[in-house]
């Protein structure tokens, strides 16, 4: 099979996955809502899933939602920590190469077709 054919199949399958995932999430939310209602009414938190001939194929359970705290404003959080827990602030000295200089050196190396750079100010290679 050609690369074009394989790429086309991959794209088709990805599209199917996306559509199926959307449908799954919608159905999952609906089932979870129904299980939540049933749990409030009867305490039941799980349902057995069977084929029409009665063969059990799985179980679907009510999942408890989870929540977790997160920082939504890093600057405000840092200011609060600095004011209330200053010992928890890390002060860092960081060095880095200026992006413009890196770009300049790489462009000159590329133009020269080599890995040695002659500093135009000092002449040192």
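Coordinate-derived values only; no laboratory data. Small disclaimer: the values here were computed from a predicted structure and weren't measured. Reconstructed Cβ throughout: ideal geometry from the backbone, glycine too, with neighbour counts over all protein chains shown.
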Task: Pair residue 115, residue 15: separation of 7 Å Cα→Cβ label points (nm) - done: 4.7
Open item on the list: I'd like the orientation of helix 99-112 relative to the chain: the angle between its Cα long axis and the longest Cα principal axis, in ° from 0 to 90, rounded to 10.
Closed with: 70
TODO: Select one label from [x] 16.0, 51; [y] 30.0, 86; [z] 15.5, 48: the one whose number is Rg and Dmax of the Cα atoms in Å as derived from the coordinates shown.
DONE: [y]
Task: Most mobile listed residue (42, 110, 72) in the chain, GNM with C-alpha springs under 10 Å - done: 110
- [ ] Would you mind telling me which residue in 56, 102, 88 has the biggest mean-square fluctuation in a Gaussian network model of the chain, where springs connect alpha carbons within a distance under 10 angstrom?
- [x] 102
Open item on the list: Please compute the modelled spin-label separation between residue 3 and residue 56, points set 7 Å along Cα→Cβ, answer in nm with one decimal.
Closed with: 5.1
Open item on the list: Based only on other Cβ atoms within 10 Å, what is the fewest-to-most ordering of 96, 61?
Closed with: 96, 61
Open item on the list: Give the separation of the Cα centroids, region 70-103 to region 1-68, in Å.
Closed with: 42
Task: Value at 222 nm in deg cm²/dmol, rounded to 500, when DSSP H runs of n ≥ 4 in the chain each add -39,500 (n - 2.57) - done: -18000 deg cm²/dmol
- [ ] Could you compute the FRET efficiency for residue 70 and residue 46, with r as their C-beta to C-beta distance and R0 at 41 Å, rounded to 0.05?
- [x] 0.85
